[in-house]
Structure formats: structure tokens, C-alpha cells
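> Before I ask anything, let me first share the structure, which is written out below as C-alpha cells.
The values are calculated or read from the model by the stated rules, or taken from the named source; none is laboratory data. Note that the coordinates shown come from a computational prediction; the quantities given were computed from them, not determined experimentally. When we count neighbours, we look across all protein chains shown, and the Cβ atoms used for this are built from the backbone with ideal geometry, even at glycine.
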Amino acid sequence: MSIMLNGTFKGLWNKALLLMGAVWALLVFMIWESNQLETAGDRLVFLTVVISGFLVIYFSGFVIEVLDRKKKTRGS
């Protein structure tokens, strides 16, 4: 049985990030509720790192798409 990835890169990237975002949100919730983040400063740093990290990963997909498109046009 062969599994093919059908669709555009952007569509597949968004689907993957949506799925991983849900898993990431569950992990963040578990850490948040574990009382490991004792002060408001701890919570602020945690949320800043998590949100900015997720956004960097999301937008890196667009960079990868542009670089791949350039590579394909250069090779043709």
C-alpha cells in the first residue's frame, strides 16, 4: 500500500501544522496545568517562546516553498 501526498505544498504544510499544532497545544496545556510555571514572568516567557516558535516554524514553510520553486525553475 503506497501513501501519496496529494495537494500543493502550501496545503500539505497547513494540514501538517494544524495536526501538529493540536498536539503542541495539548503539550502546552499539560505543562501549563502542571504548576511548573510558578510566577507570571515564567508563564509570560513560556507563552512567548511557544507562540514565537510555532510562528517561526509555520512561516519557514513559505520560505521552503519559495526556495524549492526557485530550485525547480533554475533546473528547467
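> Hey, L12 hits all of (1) part of a helix (DSSP H, G or I); (2) modelled with pLDDT of 90 or more; (3) not basic (K, R) but one; which does it fall short on?
(2)
> Further question: Can you name every residue in the stretch 35-70 that is loosely packed, with under 11 Cβ neighbours inside 10 Å and among the charged types (D, E, K, R)?
Within the stretch 35-70, E38, K70 meet the criteria.
> If I filter the stretch 22-59 down to residues being in a loop (DSSP other than H, G, I, E, B) and not β-branched (V, I, T), which single residue comes out as farthest from K10 (Cα to Cα)?
Across the stretch 22-59, the extreme among qualifying residues is E38.
> Given the condition free of Cβ contacts under 8 Å to residues at least 60 places away in the same chain, surrounded by 10 or more Cβ atoms within 10 Å (Cβ to Cβ) and more than 29 Å from D68 (Cα to Cα), answer yes or no: does some residue in the stretch 12-25 qualify?
Within the stretch 12-25, one or more residues are free of Cβ contacts under 8 Å to residues at least 60 places away in the same chain, surrounded by 10 or more Cβ atoms within 10 Å (Cβ to Cβ) and more than 29 Å from D68 (Cα to Cα).
> Can you name every residue in the stretch 13-37 that is over 15 Å from F54 (Cα atoms) and in contact with a helix residue (DSSP H, G or I) (Cβ under 9 Å, 6 or more places away or on another chain)?
Result: I31, W32, Q36, L37.
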